[in-house]
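Throughout, read-outs are computed from the coordinates displayed, never taken from laboratory work. As the structure is a prediction and not an experimental result, all values here were calculated from the model. Note that each Cβ is placed from the backbone with ideal geometry, even for glycine, and that neighbours are counted across all protein chains shown.
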Amino acid sequence: MVLTHHVRVHKSEENLPREEQLACKIAKVAADPVAVTDEVTDMVINRIIDNASVAVASLNRAPIVAARAQALTHGPSSNGKGSCIYGIADRVSPEWAAWANGVAVRELDYHDTFLAAEYSHPGDNIPPILAVGQHVGSSGADLIRGIATGYEIQVDLVKSICLHEHKIDHVAHLGPSAAAGIGTLLGLDAETIFQAVGQALHTTTATRQSRKGEISTWKAYAPAFAGKMAIEAVDRAMRGQTSPTPIYEGEDGVIAWLLDGPDASYQVPLPAEGEAKLAILDTYTKEHSAEYQAQALIDLARKLHGEYPELADPARVNDLVQKIVIHTSHHTHFVIGSGANDPQKYDPTASRETLDHSIPYIFTVALQDGAWHHVNSYAPERAGRADTVELWHKVSTAEDPEWTRRYHSLDPQEKAFGGSVEITLTDGRTITDQIAVADAHPLGARPFARAQYINKLRTLAAGENGQRLVDEAEITRFLDTVQRLPELGAGELDGLNIRASAGVINLANTPKGLF
């Protein structure tokens with residue numbers, strides 16, 4: 001059973017009891033020793049594989065190189081043996097491992113997602129929880145419990161509290177969820193977790209400018225920062241230090257000043273005591289390296305590419321196509337569509353981070369190529385191709401109330417993240433088609449299961465231009481370890497680190513900073 005908790009702003013003189021505060025209720029869920037179901041365990045394994053896949057694919061991208069270099073200057077701290085960094089054998093302090101690995105996981109925008117009142121990538125919980133588990137020598141069962149909590153709290157907050165309407169970045173839900181997940185992993189008491197959740201929220205609220213206009217490399221760092229702050233918040237709470245209270249409901253708190261204001265009211269669902277944490281089962285991963293709302297539309301573009309080969313002909317397409325309008329949800333239109341009013345979304349010299357938040361660009365390239373590739377589809381020469389730029393500028397989006405309604409539907413059978421496409425041709429014809437969910441979605445044409453997660457890892461580990469990123473023997477070892485996760489004993493979580501092939505990472509070739 002799920003309990004719905006009414007959350008509102010309280011004046012200081014009301015003296016809201018601690019047990020009625022949302023942070024306390026989150027902490028009680030995290031401290032509840034309820035068993036993890038087999039289905040949740042299987043999905044936790046899938047998502048650890050998924051995170052490793054996208055991390056190894058980006059090992060030599062600039063943000064990861066810089067984050068790894070920073071982490072390597074912070075050796076293992078006391079009270080533990082340190083934590084692993086994707087790709088290498090070195091160990092560092094857990095908060096810095098979470099930092100480096102969090103950037104690696106997020107860089108390609110290619111792992112799991114959950115969308116409701118707010119947006120999220122719940123797989124961002126895994127790097128900080130795993131880092132702490134490696135540092136203190138936790139077991140596989142401990143890790144599963146911690147990750148199940150991280151997903152549960154983030155998904156429940158995302159279902160109920162919108163951040164983006166107030167231009168607050170979605171990682172403000174990640175700080176509390178990661179702190180709660182670490183609390184579960186470590187078996188901390190509810191009071192300690194309560195203090196950690198409050199501190200994690202307090203330090204991870206930031207504006208959405210990181211996802212607006214010319215999007216910078218900070219997009220990959222934002223969730224890593226939240227994970228790092230969550231670890232530090234737990235450390236402070238374990239040392240008996242306290243946090244701003246009530247952090248959500250206070251008259252000078254997050255809701256009153258950063259969200260819906262002093263008259264705000266939310267209904268937050270959380271599992272009742274003794275109820276299993278199942279929220280990870282509501283989440284879904286990506287087949288393509290792009291914003292989640294682009295997933296279904298990439299699949300639709302691939303379909304149209306096969307059905308209308310003239311649209312793929314660079315010499316003919318712009319004489320044939322008058323305009324393309326994508327009718328879709330409010331979010332898709334205003335965040336990654338033309339409704340954002342970001343000229344950068346139509347700029348062939350824009351950053352990769354900007355292009356992966358431009359559905360006009362993504363749909364154009366997928367329509368022309370009949371495919372989507374995490375490197376080639378973003379290459380400057382691909383973005384700058386003259387026929388592509390011309391067609392790209394004929395693509396616009398429009399909000400459709402029905403697609404918005406389905407986007408926000410609480411019925412998983414009806415919830416949709418796609419849209420309908422109308423292509424007006426100069427010969428008088430109109431091509432129309434639509435798609436509700438991505439092919440890889442649980443209700444899609446080709447839902448992801450364990451085999452697809454493993455294939456994603458093998459495909460990305462194969463690398464580009466003949467340079468294999470991870471040896472086959474290492475992939476086999478990693479897959480054997482992660483699929484035995486419930487059986488891993490204390491101290492065996494190091495086996496979840498996946499190492500790069502010899503010569504892939506050059507630690508001597510790193511940018512210099514302060515550390």
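Quote the charge dipole size of the stretch 278-321 about the Cα centre in Debye, to the nearest 20; the model charges only the Cβ of Lys and Arg (+1) and of Asp and Glu (-1).
My answer is approximately 60 debye.
Out of all DSSP beta bridges in the stretch 293-435, what portion is antiparallel? Express it as a percent rounded to 5.
70 percent
Using just the C-alpha positions of the stretch 2-282 as equal point scatterers, what log10 of I(q)/I(0) does the Debye formula give at each q in 0.07 1/Å?
The calculated log intensity ratios at q = 0.07 Å⁻¹ are -0.22.
Working from Cα positions, state the angle (0 to 90°, nearest 10) between the long axis of helix 38-56 and the longest principal axis of the chain.
For 38-56 against the chain, the angle is about 60 degrees.
Could you give each residue of the stretch 172-181 its phi-based ³J(HN,Hα) in whole Hz, using Karplus coefficients 6.51, -1.76, 1.60 with θ = phi - 60°, and x for Gly or Pro?
Rounded to whole hertz, the list is 5, 8, 6, x, x, 5, 5, 4, 5, x.
Take Ser358, Ser351, Ser243 and order them by how many other Cβ atoms sit within 10 Å, fewest up front.
Ser351, Ser243, Ser358
May I ask you to compute the full-extension gain from Ala451 to Glu310, defined as 0.36 nm times their residue separation minus their alpha-carbon distance, rounded to one decimal in nm?
47.3 nm
Taking Cα pairs under 8 Å and at least six residues apart, what relative contact order does the stretch 2-282 come out at, in percent?
29 percent
Is there a quick way to get the dipole size of the chain? I mean about its Cα centre, with the Cβ of Lys and Arg at +1 and of Asp and Glu at -1; what is the value in debye to the nearest 20?
Using only the charged Cβ atoms, the result is roughly 1120 debye.
For each pair in Lys228/Lys303; Lys228/Lys512; Lys286/Lys323; Lys81/Lys167, compute the distance between the two Cα atoms and list the pairs where it is over 32 Å.
The pairs that break the limit, which is 32 Å between Cα atoms, are Lys228/Lys303; Lys81/Lys167.
Across 5 Å bins from the origin, how do the percents of Cα pairs in the stretch 12-61 run, short distances first?
4, 14, 12, 12, 12, 12, 11, 10, 7, 5, 1
Return, for the Cα atoms of the stretch 168-211, the radius of gyration and Dmax in Å, separated by a comma.
11.5, 36
Using a Förster distance of 22 Å, how high is the FRET efficiency between His408 and Glu39, based on the Cβ-Cβ distance and rounded to 0.05?
After rounding to 0.05, the efficiency reads 0.30.
Quick check for you: which residues of the stretch 244-267 have the amide N under 11 Å from the point 7 Å beyond the Cα of Ser12 toward its beta carbon?
251-252
Mind jotting down a quarter of the surface of the convex hull over the alpha carbons of the stretch 293-435, in square nanometres, one decimal?
8.1 nm²
Lys/Arg Cβ at +1, Asp/Glu Cβ at -1, dipole of the chain taken about the Cα centre: which of Val375, Pro309, Val325 is farthest positive-ward?
Of the listed residues, the answer is Val375.
Within 10 Å of each residue's Cβ, count the other Cβ atoms and sort Ile45, Ile26 from fewest upward.
In order of increasing Cβ crowding within 10 Å: Ile45, Ile26.
Can you give the relative contact order of the stretch 293-435 as a percent, counting alpha carbon pairs under 8 Å and 6+ residues apart?
For the stretch 293-435, the relative contact order is 38 percent.
Mind giving me the nanometre distance, one decimal, between the label points for Arg458 and Glu19, set 7 Å out from Cα along Cα→Cβ?
In this crude spin-label approximation the distance works out to 5.4 nm.
Based solely on its DSSP helices, what 222 nm [θ] is calculated for the chain when runs of n ≥ 4 H residues each add -39,500 (n - 2.57) and the sum is averaged over all residues, nearest 500 deg cm²/dmol?
Calculated at 222 nm, the ellipticity per residue is -12500 deg cm²/dmol.
What percentages make up the Cα-Cα pair-distance distribution of the stretch 135-293 when the bins are 5 Å wide from 0?
Here the calculated profile for the stretch 135-293 is 2, 9, 15, 21, 21, 17, 10, 4, 1, 0.
By how many nm would the segment from His5 to Glu390 grow when fully extended, if each residue of separation counts as 0.36 nm and the alpha-carbon distance is taken off?
Roughly 133.5 nm would be gained on extension.
If we count other beta carbons within 10 Å of each Cβ, what is the order of Cys162, Cys84, Cys24, fewest first?
Cys162, Cys24, Cys84
So which trypsin sites (Lys or Arg not before Pro) in the stretch 396-432 end up in coil per DSSP with only 15 or fewer other C-beta atoms within 10 Å?
Filter output for the stretch 396-432: Arg429.
Would you work out the charge dipole size for the stretch 293-435 about its Cα centre, treating the Cβ of every Lys and Arg as +1 and the Cβ of every Asp and Glu as -1, and quote it to the nearest 20 debye?
Rounded to the nearest 20 debye, it is 120 debye.
How large is ³J(HN,Hα), in whole Hz, for each residue of the stretch 302-310 in order, when computed from phi with the Karplus curve 6.51 cos²θ - 1.76 cosθ + 1.60 and θ = phi - 60°, using x for Gly and Pro?
4, 5, 5, 4, x, 7, 10, x, 5
Enumerate the aspartates and glutamates that Lys219 could reach by cross-link, defined here as Cα to Cα under 17 Å, with residues fewer than 8 away along the same chain left out.
Glu107, Asp109, Asp112, Glu118, Asp124, Asp169, Glu291, Asp342, Glu353, Asp356
If the label point is 7 Å along Cα→Cβ of Glu251, which residues in the stretch 1-39 have backbone nitrogen under 14 Å from it?
Backbone N within reach: 9-16.
Compute from the Cα atoms of the chain the Rg and the Dmax, the latter being the longest Cα-Cα distance, and quote both in angstrom.
Considering the chain through its Cα atoms, Rg and Dmax are 22.6, 73 Å.
What ³J(HN,Hα) values, in whole Hz, does the Karplus curve 6.51 cos²θ - 1.76 cosθ + 1.60 give for the stretch 183-198 when θ = phi - 60°, with x put for Gly and Pro?
Running phi through 6.51 cos²θ - 1.76 cosθ + 1.60 with θ = phi - 60° gives x, 5, 3, 8, x, 6, 6, 4, 5, 5, 5, 4, 5, 5, 4, x Hz.
Amide H to amide H, which residues 5 or more places from Ala398 or on other chains are under 5 Å from it, using H placed in the peptide plane?
For Ala398, the qualifying residues are Ile326, His327, Thr328.
Based only on the alpha carbon positions, what is the Kirkwood hydrodynamic radius of the stretch 114-200, in angstrom?
Its Kirkwood hydrodynamic radius stands at 12.9 Å.
What residues qualify as long-range amide H neighbours of Leu488, i.e. H under 5 Å apart, gap of 5 or more or another chain, H built at 1.01 Å from N?
Gly140, Ala141
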